[in-house]
Amino acid sequence: MTTDTLTPEIDIAASHRLAAAVAVPDSPVAAERDALVARIKAGLKRENAVLVAHYYTHEDIQWLAEETGGTVADSLEMARFGRDNPATTLIVAGVRFMGETAKILSPEKRVLMPTLLAECSLDLSCPADQFIPFCDAHPDRTVVVYANTSAEVKARADWVVTSSIATKVVAHLHAKGEKILWAPDKFLGSYIQTTTQADMLIWQGACVVHDEFKAIELDKLRSKHQDAAILVHPESPEDVVAQADVVGSTTALINAVKELPHEKFIVATDNGIFYKMKHAAPEKKLIEAPTGGISATCNSCAHCAWMAMNSLRNLAETLENCNKQKSHNEIHIDESTRAKAYASVNRMIEFVNNT
C-alpha cells in the first residue's frame with residue numbers, strides 16, 4: 001500500500017464519541033405504531049411521495065417502505081429507485097449522505113428525510129475542506145470515493161463507488177495504469193488494494209460500527225459455532241475480514257444467507273440487516289459478530305446510532321410538516337456542486353451498466 005506523510009490522521013475516536021451521544025428514540029407501543037403507520041401512509045399519498053429506506057434502518061421502517069411501494073436497498077439503489085419512481089417527493093430513511101445522493105440523481109424532486117441530524121462517521125471523517133486540498137496535492141491520482149461521503153466530496157471525485165462495485169472499478173483503473181487516491185474508509189481501501197494490487201493512497205477514515213468488530217472475540221465465537229459461515233462487510237478491520245467465508249456489500253451478504261448451504265451465519269455488519277436476511281432465509285440462524293469483549297471499547301455497537309434516529313414518529317412528522325416550512329427536513333444542494341457530483345456518480349452507473 002502506498003503511504004504518504006501528508007495523509008491526514010483522522011480522529012476516529014471523535015466519531016465514536018459523537019455516535020455514543022446520539023439520542024435514539026424509543027420504539028412505539030403497538031397502538032401508537034398502528035396510528036403512526038396510518039398517518040405515514042396518508043402522508044405518502046397526499047404528498048405523492050415514496051419511501052426509500054436503507055438496510056440498516058429499523059425493521060418497522062423497512063417493512064413500511066416495502067408495504068407502501070417503496071424499497072429497501074443500499075444507498076445507490078435507493079437513489080436510483082427514487083430517480084426512476086414517478087413520485088415527485090422522495091422520503092429517504094437513512095443518513096444524510098443518502099438523501100444527498102438521492103438529490104444528486106433527482107434534482108427535480110423534493111427530497112425529505114425523517115431527520116437531517118443523522119450523520120455518517122465516514123462522511124464526518126472526510127470533510128471537504130480537508131479532502132479537496134489533499135486531492136489537489138496529488139494531481140497525478142484518480143480520485144475514487146465511497147458513496148458514504150458528502151456531495152462536496154463527491155463533486156471533487158472522479159468516481160463514486162459503492163462496496164459492491166468498488167473493487168471492479170479500481171481493478172479497471174489499475175489495468176489502465178492509473179494511480180488511485182481513495183477515501184474515506186481505510187479498511188475498505190486496504191481490502192481493495194490487497195485484492196487488486198493497485199497503487200492506492202488511502203484516506204484514514206473508518207465506520208464506527210464496523211471498526212468495533214473484534215477478531216479475537218470473533219475467533220472465540222467461531223470455535224463455538226464451527227458449522228457457521230462468517231459474513232463480513234469490507235469496512236471491517238483486516239483481521240476480521242481475514243476470518244470471513246464471504247466478504248461483500250450488504251446486498252451480497254443477504255444473498256449469501258439465501259444461497260449458501262450453511263444453516264448458521266455469523267454476521268459482521270450492522271444488525272439492521274437481519275430484517276432482510278430473515279426474510280430471505282427464515283430457516284437460517286443468524287448470530288451477531290462480537291463487538292464486546294476484552295479488546296472492545298463498547299459492549300454492543302453493531303448498530304449505527306445515526307441510522308436509529310429514523311423513526312416512525314419523525315417520519316410521520318416530516319410528512320405532516322413538509323409544507324409548513326420550505327426547508328423542513330429537506331435536502332438542498334448547490335446546483336454547481338450537484339452537477340459535478342452527478343458526473344462522478346453517473347460514471348459508476350454507466351460502468352455497472354456496461355459490465
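Can you tell me how many residues in segment 190-208 are free of Cβ contacts under 8 Å to residues at least 60 places away in the same chain and in contact with a Phe, Trp or Tyr (Cβ under 8 Å, 6 or more places away or on another chain)? Adding up the residues that qualify gives 1.
Go through segment 91-134 and give me each residue that's among the β-branched types (V, I, T) and either under 14 Å from M78 (Cβ atoms) or in contact with a Lys or Arg (Cβ under 8 Å, 6 or more places away or on another chain) (or both). Reasoning before the result, please.
Step one: of segment 91-134, the residues among the β-branched types (V, I, T) are 91-92, 95, 101, 104, 111, 115, 132.
Answer for segment 91-134, where residues must be among the β-branched types (V, I, T) and either under 14 Å from M78 (Cβ atoms) or in contact with a Lys or Arg (Cβ under 8 Å, 6 or more places away or on another chain) (or both): I91, V92, V95, T101, I104, V111, I132.
Screening D60 on (1) under 18 Å from the mean Cα position of the chain (by Cα); (2) in contact (Cβ under 8 Å) with a residue 40 or more places away in the chain; (3) under 21 Å from W306 (Cα atoms) shows it passes everything except condition (1).
Screening A171, A166, A137 for residues that are surrounded by fewer than 20 Cβ atoms within 10 Å (Cβ to Cβ), at pLDDT 95 or above and closer than 24 Å to D239 by Cα leaves exactly one candidate, A171. Here V145 passes the criteria (1) without any contact (Cβ under 8 Å) to a residue 24 or more places away in the chain; (2) within 24 Å of V352 (Cβ to Cβ) except the one numbered (1).
A search for C-beta distances below 7 Å between a residue of segment 322-346 that is closer than 9 Å to A155 by Cβ and any residue that is surrounded by fewer than 19 Cβ atoms within 10 Å (Cβ to Cβ) and at pLDDT 95 or above, counting only pairs 6+ apart in sequence or on different chains, returns R338/P107; S344/D158. Under the condition of being among the basic types (K, R) and over 19 Å from S311 (Cβ atoms), which residue from segment 79-104 is surrounded by the fewest Cβ atoms within 10 Å (Cβ to Cβ)? Within segment 79-104, the match that is surrounded by the fewest Cβ atoms within 10 Å (Cβ to Cβ) is R83. For beta carbons closer than 7 Å, sequence separation of 6+ or different chains, a first residue in segment 29-47 that is of a type in the set (G, A, S) and a second that is part of a helix (DSSP H, G or I), the qualifying pairs are G43/A316; G43/L319; G43/E320. Here's a check for you: in segment 319-332, which residue that is surrounded by 21 or more Cβ atoms within 10 Å (Cβ to Cβ) and at pLDDT 95 or above is nearest to the chain's Cα centre (by Cα)? In this case the residue turns out to be I331.
Of the numbered criteria (1) in contact (Cβ under 8 Å) with a residue 12 or more places away in the chain; (2) in a loop (DSSP other than H, G, I, E, B); (3) not hydrophobic (A, V, I, L, M, F, W, C), the one G177 fails is (1).
The values are calculated or read from the model by the stated rules, or taken from the named source; none is laboratory data. Model, not experiment: these values are computed from the prediction. So basically every Cβ, Gly included, is an ideal-geometry build from the backbone, and we count neighbours across all protein chains shown.
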